[in-house]
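The block underneath contains the structure these notes are about, expressed in structure tokens.
The values are calculated or read from the model by the stated rules, or taken from the named source; none is laboratory data. Fair warning: this is a prediction, and the values are worked out from it, not measured in the lab. Note: ideal-geometry Cβ built from the backbone for every residue, glycine included; neighbour counts use all protein chains shown. The protein model used for the area step is the full one, side chains on, heavy atoms only, and it has no ligands, DNA or RNA in it. Shrake-Rupley method; radii C 1.70, N 1.55, O 1.52, S 1.80 Å.
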Amino acid sequence: MRAWPRRTVWAHTVGAVLIGGAVFALAYLPLELGPWSAIPALAAGAAAFLVPTRRYLRRRQLAREPFPEAWRARLESCVAFYSLLDAPGRRRFERDVRFFMAEQRISGVRGAPVPDDVELLVAASAAMLGHGLPDWEWPHVRDIVVYPTSFDEEYATSGRGRHIVGMVHHQGPILFSGPELVHAFCTERDGHNVGLHEMAHVMDFVDGRADGVPAGAEWVASAPWIEVVADRLGRVRRGELRKVIRAYGGKNEAELFAVAVEAFFERPAELASRDPQLFEMLSDYFNLDPRTGALRRPVDDA
């Protein structure tokens, strides 16, 4: 996520000047009014600039604030990917975490507060997936609800059948089990991370379909990717990749992508060894090597 995208800001600046000039021309020139008639034009120009850029103005302010040491300690102790990053990478990661927490609606069930350390891990999930994608923006239309435990299909947190630890609705909220999220990050990397899994689904859903085709990937429309998805679905269902990709990935194309993303970040060395083609495609899409935290292509953070 960019703090101050120059092209976007310049586009809004030009738009503001044009709108302000048009309002001034309409109000002043035909009627030959006094200089005070420039006020509506200035107001229109200011609104044309401030309304679409207010997010970035807020981000610039947030980027100047010191990152809380308690948050940094939590990232260092629980987020292995963060520990791999160099100093500039850590600063960008911390900035993206702060932006996500400031801009997304994260709450407990029925609006209950969420502990800062759990909210931080939700944001870390997003920051990991977006680390090499500065132009990626997480949609703001979804609430994020953190449950106190696992839940069932009716969202009940008591009784039998509580086997769900995360869920993304087509046009609804993102649901997480808080304890499962903490377990995923703060224990051994076992290839299962509900935060990464559900955020991968969000990337998949951006085009309105859950089809295992993430937004913005140049290669996903090509025959090789379609062939890889079909082939891996069959291999997962036959148990041939069970040591690196969970069996749940064999359910459909969307789950294959989400489970593959978990393996890519949680067990990158194993995925690269056992399925170098899939690893290379994901590395190209996310623009990074999760084994080292290094970017494949430099990014402009402005």
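More than 19 Å from R110 (Cβ to Cβ) and among the acidic types (D, E): is that true of D143 in this structure? No: the conditions fail for D143. Of all the residues in region 198-228, those that are more than 16 Å from H170 (Cα to Cα), at pLDDT below 85 and not acidic (D, E) number 10.
Residues in region 278-302 that are part of a helix (DSSP H, G or I) and free of Cβ contacts under 8 Å to residues at least 40 places away in the same chain: F279, E280, L282, S283. Of the residues screened, R110 is one that is out of contact with any Leu (no Cβ under 7 Å at 6 or more places or on another chain), free of Cβ contacts under 8 Å to residues at least 40 places away in the same chain, farther than 20 Å from C78 by Cβ and assigned to a helix (DSSP H, G or I).
Among the residues examined, R237 does not qualify as crowded, with 23+ Cβ neighbours inside 10 Å and more than 22 Å from F81 (Cα to Cα). In region 151-182, the residue that is surrounded by the fewest Cβ atoms within 10 Å (Cβ to Cβ) out of those that are under 18 Å from L120 (Cβ atoms) and not aliphatic (A, V, I, L, M) is P179.
Taking region 124-160 as the range and being assigned to a helix (DSSP H, G or I) and modelled with pLDDT under 95 as the test, no residue passes. Can we say R91 is out of contact with any strand residue (DSSP E or B) (no Cβ under 9 Å at 6 or more places or on another chain) and under 23 Å from R60 (Cβ atoms)? Yes, satisfied.
Residues that are more than 22 Å from L129 (Cβ to Cβ) and at pLDDT 95 or above occur in region 70-81; there is at least one.
Among the residues of region 188-207, those that are open to solvent by 30 Å² or more (accessible area, probe 1.4 Å) and touching a residue at least 12 places away in the same chain (Cβ under 8 Å) comprise R189, D190, H192, F205, V206.
Check whether at least one residue in region 133-140 is at negative phi and touching a His at 6+ places or on another chain (Cβ under 8 Å), and report yes or no. No. One residue stands out in region 261-277 among those that are free of Cβ contacts under 8 Å to residues at least 60 places away in the same chain and under 24 Å from D135 (Cβ atoms): the one that is surrounded by the fewest Cβ atoms within 10 Å (Cβ to Cβ), namely P268.
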